[in-house]
Amino acid sequence: MDLASTIRSVPNFPIEGILFYDITTLLKNPAALKESIDRLVKHYRDAGVEVVVGVESRGFIYGTPLAYQLGVGFVPVRKPGKLPAETAAESYELEYGTNTIEIHVDGIQKGQKVLIVDDLLATGGTAKACCNLVEKLGGEVVGVAFLIELDFLNGRDKLQGYDVFSLLHYNE
């Protein structure tokens with residue numbers, strides 16, 4: 001199945017000059033949604049994943065069914081002030097600004113093998129910040145998975161040393 005054909009491109013969103021790859025058109029397509037999740041599960045089935053971490057908010061969409069299919073738990077990483085218990089935080093740069101993410105300090109156990117999931121790899125700031133959070137808590141990042149990778153932004157460079165897997169690649 002051609003998953004790329006199910007994704008809508010939206011120019012100048014969220015700000016002027018950004019081409020946004022909207023996955024909502026893929027998500028509403030039952031065959032495309034199933035295929036994308038199945039491909040990610042297949043890639044990580046034998047990776048020894050013990051917990052899936054999903055990055056707010058579209059990482060939740062893919063992280064939860066991956067955790068279910070892999071038979072492991074799910075831990076959310078959220079924007080500041082959204083998690084009710086004690087958190088660890090990490091700040092990072094986006095292609096169009098800065099942000100901070102948080103995780104519950106008891107979300108990851110020392111030595112736990114963690115798969116990080118998000119919808120998009122752009123500059124790599126969010127993913128690297130998430131890796132840093134997992135490692136601060138003593139977890140081992142066994143993979144960083146994305147639906148889409150914007151190759152021209154070289155986000156993978158920030159993730160050297162990690163197993164990075166993306167279903168779709170865009171070169172411009």
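Values quoted throughout were computed directly from the atomic coordinates according to the rules given, and no laboratory measurement underlies them. Predicted, not measured: the structure shown is a model, and the values here were computed from it. Virtual Cβ from ideal backbone geometry, glycine too; neighbours counted across all protein chains shown.
Some notes on this structure:
- Full extension of the chain between residue 20 and residue 69 gives 14.8 nm of extra length, using 0.36 nm per residue less the Cα-Cα distance.
- Distance histogram in 10 Å bins (all Cα pairs of the range 47-147, percent per bin): 18, 55, 26, 2
- Fewest-first sequence of 7, 116 by Cβ atoms within 10 Å of each Cβ: 7, 116
- Remark on the chain: Rg and Dmax equal 15.3, 43 Å (Cα only).
- Lys, Arg +1 and Asp, Glu -1 on Cβ, resulting dipole of the chain about Cα centre, debye, nearest 20: 380
- Residue pairs exceeding 27 angstrom between C-alpha atoms, taken from 42/82; 136/158; 42/158; 82/128; 82/110: 42/82.
- Listing 72, 77 from fewest to most neighbouring C-beta atoms within 10 Å gives 72, 77.
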